[in-house]
Amino acid sequence: MSDEVQETTTEETVDDTQDVTESQEQPAEANTVDGLPDWTQDLIKELRQENAKHRKEKTAAQKAVEQQEQQLAEEQGKYKELWEKSEAKRIELETKLTGAELGRMREAVARRHNLTDGLAKRLQGETEEELEEDAKALLAEIPKPQAQTATDGGAGVNQTPPTQMPEDYEIQEMAAKLGVNFSHLKQSLERQARS
């Protein structure tokens, strides 16, 4: 009896091995269409071709979208660059205009107070009122020439002679004290002495 059991087990083992081998071979056969009828093979071939066509169209569409996005990004970059350039130009022109207006106000204030060009450049302020105050402060720092009285050759009538200019060393001291150019200060004093 033990011999019969062993033979049965051996036969079952051989049959199981054959089943496993056949099941492993079946998927390979399932991937091929050679054993299928012709109409089925034609249908599978058509479906594969259609699938390949759709994959190619999808790839082409994705490339087109990427190109359009890249082109759009480049255009936006160009517009941004143009806007930045125009904004920089606007700021530059605005600065020049402000500087020109300030220069014009400085000249007008200097003319009203008989200041030389050198002293006019020294004026500080952003508004005309500030420039006026600075011009008055500058004039207050400049000493006025003292008027001397003279008698008219025995007639006893007092006359005011022309204003006497300070000496050059005095003007140099004033220029150093005020932080201005000596020649500009001298011109301003001469102008004041004449008026």
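Values in this text are rule-based calculations from the coordinates and carry no lab data. Since the model is a prediction, treat every value here as computed from it, not as a measurement. Every residue, glycine among them, receives a Cβ derived from its backbone with ideal geometry; neighbour counts consider all protein chains shown.
Observations
- Placing pseudo-labels 7 Å out from each Cα toward the beta carbon at residue 48 and residue 164 gives an inter-label distance of 12.3 nm.
- Label-point separation in nm, residue 70 to residue 86, each point 7 Å along Cα→Cβ: 2.8 nm
- Each of 91, 115, 49 was placed along the dipole of region 29-124 (beta-carbon charges, centred on the mean Cα), and the one lying farthest toward the positive end is 115.
- Applying 1/(1 + (r/R0)^6) with r as the Cβ-Cβ distance of residue 129 and residue 93 and R0 = 22 angstrom yields a FRET efficiency of 0.30.
- GluC sites (Glu not before Pro) restricted to DSSP loop in region 85-124 with at most 14 other C-beta within 10 Å: none
- Unsatisfied cross-links (Cα-Cα over 25 Å) in the set 136/177; 96/136; 144/177: 96/136
- Distance between the 7 Å Cα→Cβ label points at residue 178 and residue 59: 8.6 nm.
- Set of lysines near residue 63 by C-alpha distance (under 25 Å), chain-local residues within fewer than 8 positions excluded: 53, 78
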